[in-house]
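**Q** Sharing a structure, written as structure tokens. Questions coming.
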Amino acid sequence: MTETPIIEFTDFTFQYFCQAEPTLHDINLKIFPGEKILIIGPSGSGKSTIGHCLNGLIPFYYKGETRGSLKIKDQETASQDIFSLSKIVGTVLQDSDGQFVGLSVGEDIAFAMENDCVPGTVMHERVERVSRMVDMDHFLASSPYELSGGQKQRTALAGVMIDEVDILLFDEPLANLDPATGKTAIEIIDDIHRSSGKTVIIIEHRLEDVLHRPVDRIILINEGRILADMDPHAMVSSDLLRQNGIREPLYVTAMKYAGIPVTPDLLPGHLDTLDIQKVAPRLETWFKEVKPIPPKQYEDTSLDLHGVTFSYDGITNVLENIQVNIHKGEMLAVVGRNGAGKSTLAKLLCGFIHEDTGTITFEGTSLSKQSIKERAEVIGYVMQNPNQMISKAMIFDEVALGCRLRGVPEEEIRPRVEKVLKVCGLLPFMTWPISALSYGQKKRVTIASILVLDPRVIILDEPTAGQDFRHYTDIMQFLREINRSGVTILLVTHDMHLMLEYTPRAVVLSDGKMVADARAADVLTNMKVISQANLKETSLYHLAQKAGLQDATSFVQHFIDHEGKVRA
Amino acid sequence: MKARLFSYNFVNTYIHRLSGLTKLACFLFLTFAVMFSYDLRVIMVILVISTCLMVISRIRFSQIRTMVWYVAGFLLINAILTYFFAPEYGVSIYKTRHELVDLFGKYSLTSEQLFYQLTQVMKYASVIPLGMIFILTTNPSEFASSLSGVGVNYKISFAVSLTLRYFPDIQRAYTDISQAQQARGMEMSAKANPWKRFKSALLIIIPLIFSTLERIDLITNAMDLRGFGKRNKRTWYIRKTMNHEDWTALLFCAFLFFGTLAVSTYINHSRFYNPFI
């Protein structure tokens, strides 16, 4: 290309003042105007740091030492401040809730103009125009609480586009979205890229979801270095993904299980481009050669919900006639879109709120008369955000807290805590302060602090949210071990991989009603349930359909069974 | 959704339509009037007015229930302590002494003291609804733009508006954290002694602070990235101009304020109204 790059890193190295090692090493990267680039890497790889360097948060907010050069539109960024950079690079942060500055959509879109002292009438006219581009012109007066995740993303996008920036930077746009909204977000980004011709940079670790729409190049980063810079087909075919803790698309894994050598000439980067003729026969043989494994049978009942109905205000039922029988030793997923009643169900089980009608029993005894504290003896609850649970400075104290509150003698606490920390792989850190731990480790601490109370059932709210593949696998393997030791586990989740890989059974809620209670493979291939729960159909299902296999649902189940064997 | 303490909700009423600045000015006029005057008749007039305002602005009791209980508790404690420390204060103000009952030691109940304490309670009872109306009917952003319109630094105005806006979120986080900690065995009921309850409160407040700081970090980044604080001035997307409704409200409240001053100066000749002479 003879064009001049819009972004050019030359031998760029960056080290945060608080770190011993540079986070980025010798980055050399050119991005040209109008390109759509995906930067992938596991947590801590340095991919977010690249984003911060581009939008000026480094060095404006995060301080550190820079070597080499980073030019944006032929200007050294070192000589510019965050405000002038924000006129070139528009950043959409990962948490579309947290970055909602205004109290209404219109106000939020106008925020950058307000800071530029644009007069009121001009502002209203421009907000009107930009909001039409993202289809939000009918929601200008809505407050963030009334919007869906996708609408918040659109608003955030409009908020940066209002500045007529040349580069749109998306920092983990999928992290907090449910599968259906994530899919829409990728479509919105793609539409804007096509219609505006702006340079788009997406920083993510969820490769398959981003590849729902085309990208020009994928840059793989790990340990602060660029390891690969290739097109999607080459990237998906390479072993670098697995080696660096990035999950490859599920349909690619399925092809590998079927013994198909995945090479760039199959065009495997997207399911639409994949040369299905070449792979269909092998897929079919693989599908036919294995007998289905009968699902595991359970005998005893742990929790039983019978006709449970609940409403906060006495008018609208948040949960209606919920009927579930959870077996002892089961691991099951509770899924549904935001506001479907998942958290309410968890709160009912813990006794934070009480059902209006219906009964909840645990191993045959009714829970209705039991207080929060009494229920907590058998049912443990782990919140999504570990920072909302941790109240002690030291790991040992945090895990011991529940025992101490219950008046367990100190000499008994120590062995209990040690045992739990060992199970959670935290024993070496026992005397560490919690502040020294990573997010994933904090999550483990909170699970440990519940496990130490020896509950029979654990409810976890979104245990894998915001985790990369390696941490996801760590946490889920760990939960599986706990589950095998006899603890019943309920996972409130959006994560479809989690359902496919770990929870044989899924209960789906929609508008407070239970719309499905079935195998994960059935749920993720049932269009009606998928749209009710804001999920999306798994790519395995599409692969099977494209390959002309009759029973796509069984194909998905077959994949799950096969994976179970590979992992075991 | 659960009704929360302090959250703005738009309902199309006269009170909601007023600009934030008007409401602030009216609130201050009426508050100063009540704070200045110890005339029970004046205070009762304002109490009636604030009750009417509450009805006009269609605030439901469920929205303010928690707050009302807190206030009632506070008033009760306040009344007991006032009597305990200054049982003869009414007598010293009104210069007469009509004893009703002789209690123990130096404590006896006088009409003067009763009247004084009744006045005091009514003062609070008439002002607090006004505060609630102000918070529940004012759009935080619009209030911020009004504040900055009268010369308050825009960073401060914006901070005020962000605080009002995040209040409901923080409350929700508080409930969530408190429930999760109770499930770990924390005792929050009256059964625990004060020291234990203080320690329990820490178990909620520490995670609340840390998760709030996390949010602040995020919102700061989001604001920096969109140029907040670049200039000494900024414009506001939401801005209400004063119309005749605002002027009417202002005139009415100013009238009440000066009326109160006039009653004290020309009729009572002091801040107190004395029915005993």
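**Q** Select from region A:74-126 the residues that are small (G, A, S), in a helix (DSSP H, G or I) and within 9 Å of chain B (Cβ to nearest Cβ) and list them in ascending order.
**A** A:G106, A:A110, A:A112, A:G120
**Q** Still on this model: In this structure, does B:K199 turn out to be more than 7 Å from chain A (Cβ to nearest Cβ), among the charged types (D, E, K, R) and more than 30 Å from B:V34 (Cα to Cα)?
**A** On the way: more than 7 Å from chain A (Cβ to nearest Cβ): yes; among the charged types (D, E, K, R): yes; more than 30 Å from B:V34 (Cα to Cα): yes.
Yes.
**Q** Could you please let me know if B:T248 is more than 9 Å from every other protein chain (Cβ to nearest Cβ) and either on the phi > 0 side of the Ramachandran plot or surrounded by 14 or more Cβ atoms within 10 Å (Cβ to Cβ) (or both)?
**A** no
**Q** Do you know which of the residues in region A:312-328 that are within 29 Å of the chain's Cα centre (by Cα) and of a type in the set (S, T, N, Q) is most open to solvent (accessible area, probe 1.4 Å)?
**A** My answer is A:Q323.
**Q** Please go through region A:1-50 and give me each residue that is surrounded by fewer than 15 Cβ atoms within 10 Å (Cβ to Cβ), among the acidic types (D, E) and outside any loop (DSSP other than H, G, I, E, B), ordered by number.
**A** Answer for region A:1-50, where residues must be surrounded by fewer than 15 Cβ atoms within 10 Å (Cβ to Cβ), among the acidic types (D, E) and outside any loop (DSSP other than H, G, I, E, B): just A:D11.
**Q** Another question, then. In region A:364-375, what residues are within 26 Å of B:E187 (Cβ to Cβ) and touching a residue at least 24 places away in the same chain (Cβ under 8 Å)?
**A** A:R375
**Q** Return the residues of region A:132-142 that are closer than 16 Å to A:G102 by Cβ, surrounded by 17 or more Cβ atoms within 10 Å (Cβ to Cβ) and either aromatic (F, W, Y) or out of contact with any Leu (no Cβ under 6 Å at 6 or more places or on another chain) (or both); say none if nothing qualifies.
**A** A:M136, A:F139, A:L140
**Q** Tell me, which residue of region A:357-376 that is surrounded by 15 or more Cβ atoms within 10 Å (Cβ to Cβ) and more than 7 Å from chain B (Cβ to nearest Cβ) is farthest from A:P455 (Cα to Cα)? Steps first, please.
**A** We begin by selecting, within region A:357-376, every residue surrounded by 15 or more Cβ atoms within 10 Å (Cβ to Cβ); these are A:358, A:360-362, A:367, A:370, A:372-373, A:375-376.
Still in the running and more than 7 Å from chain B (Cβ to nearest Cβ): A:358, A:360-362, A:367, A:370, A:375.
Working: A:G358: 24, A:I360: 17, A:T361: 15, A:F362: 12, A:L367: 15, A:Q370: 15, A:R375: 9 Å.
This residue is A:G358.
**Q** Within the group A:R444, A:R406, A:R414, A:R456, which residue is open to solvent by 70 Å² or more (accessible area, probe 1.4 Å), free of Cβ contacts under 8 Å to residues at least 60 places away in the same chain and not aliphatic (A, V, I, L, M)?
**A** On the way: A:R444 fails: open to solvent by 70 Å² or more (accessible area, probe 1.4 Å); A:R406 fails: open to solvent by 70 Å² or more (accessible area, probe 1.4 Å); A:R456 fails: free of Cβ contacts under 8 Å to residues at least 60 places away in the same chain.
Unique residue meeting the criteria: A:R414.
Yes or no, residue by residue, for (1) at negative phi; (2) in contact (Cβ under 8 Å) with a residue 40 or more places away in the chain; (3) more than 14 Å from chain A (Cβ to nearest Cβ):
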{"position": "B:S108", "(1), (2), (3)": "yes, no, yes"}
{"position": "B:Q113", "(1), (2), (3)": "yes, no, yes"}
{"position": "B:T119", "(1), (2), (3)": "yes, yes, yes"}
{"position": "B:S126", "(1), (2), (3)": "yes, yes, yes"}
{"position": "B:F134", "(1), (2), (3)": "yes, yes, yes"}
{"position": "B:T138", "(1), (2), (3)": "yes, yes, no"}
{"position": "B:S148", "(1), (2), (3)": "yes, yes, no"}
{"position": "B:S157", "(1), (2), (3)": "yes, no, no"}
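**Q** Identify the single condition in (1) under 24 Å from A:L535 (Cβ atoms); (2) surrounded by 19 or more Cβ atoms within 10 Å (Cβ to Cβ); (3) within 12 Å of chain B (Cβ to nearest Cβ) that A:Y145 does not satisfy, given that it satisfies every other one.
**A** The one condition A:Y145 does not meet is (2).
**Q** Output the residues belonging to region B:224-245 that are touching a residue at least 24 places away in the same chain (Cβ under 8 Å), at positive phi and within 7 Å of another protein chain (Cβ to nearest Cβ).
**A** The answer is none; no residue qualifies.
**Q** Moving on. Anything in region A:311-339 that is out of contact with any helix residue (DSSP H, G or I) (no Cβ under 6 Å at 6 or more places or on another chain) and hydrophobic (A, V, I, L, M, F, W, C)? List them, or say none.
**A** A:I315, A:I322, A:V324, A:I326, A:L332, A:V335 - these are the residues of region A:311-339 that are out of contact with any helix residue (DSSP H, G or I) (no Cβ under 6 Å at 6 or more places or on another chain) and hydrophobic (A, V, I, L, M, F, W, C).
**Q** Filter region B:137-165 down to residues that are modelled with pLDDT under 80, open to solvent by 20 Å² or more (accessible area, probe 1.4 Å) and closer than 19 Å to A:S143 by Cα, then give me how many there are.
**A** The total comes to 1.
**Q** A further question follows. Quick check, is A:A180 within 14 Å of chain B (Cβ to nearest Cβ) and open to solvent by 10 Å² or more (accessible area, probe 1.4 Å)?
**A** Here the answer is no, as A:A180 does not meet what is asked.
**Q** What are the residues in region B:256-277 that are in contact (Cβ under 8 Å) with a residue 60 or more places away in the chain and under 19 Å from B:V91 (Cβ atoms), if any?
**A** Correct list: B:N268, B:R271, B:F272, B:Y273, B:N274, B:P275, B:F276, B:I277.
**Q** Return the residues of region A:338-354 that are open to solvent by 30 Å² or more (accessible area, probe 1.4 Å) and away from chain B (no Cβ under 12 Å); say none if nothing qualifies.
**A** Hits for region A:338-354 are A:N338, A:H354.
**Q** Follow-up. Are there strands (runs of 3 or more DSSP E) fully within region A:459-568 with at least 3 residues that are open to solvent by less than 10 Å² (accessible area, probe 1.4 Å)? List them. Steps first, answer last, please.
**A** Values: elements: A:488-492, A:505-510, A:513-519.
Correct list: A:488-492, A:505-510.
The values are calculated or read from the model by the stated rules, or taken from the named source; none is laboratory data. Quick caveat, the model's predicted, so the values are computed rather than measured. Virtual Cβ from ideal backbone geometry, glycine too; neighbours counted across all protein chains shown. Please note that ligands, DNA and RNA were not included when accessible areas were found on the heavy atoms of the full protein model with its side chains. Shrake-Rupley method; radii C 1.70, N 1.55, O 1.52, S 1.80 Å.
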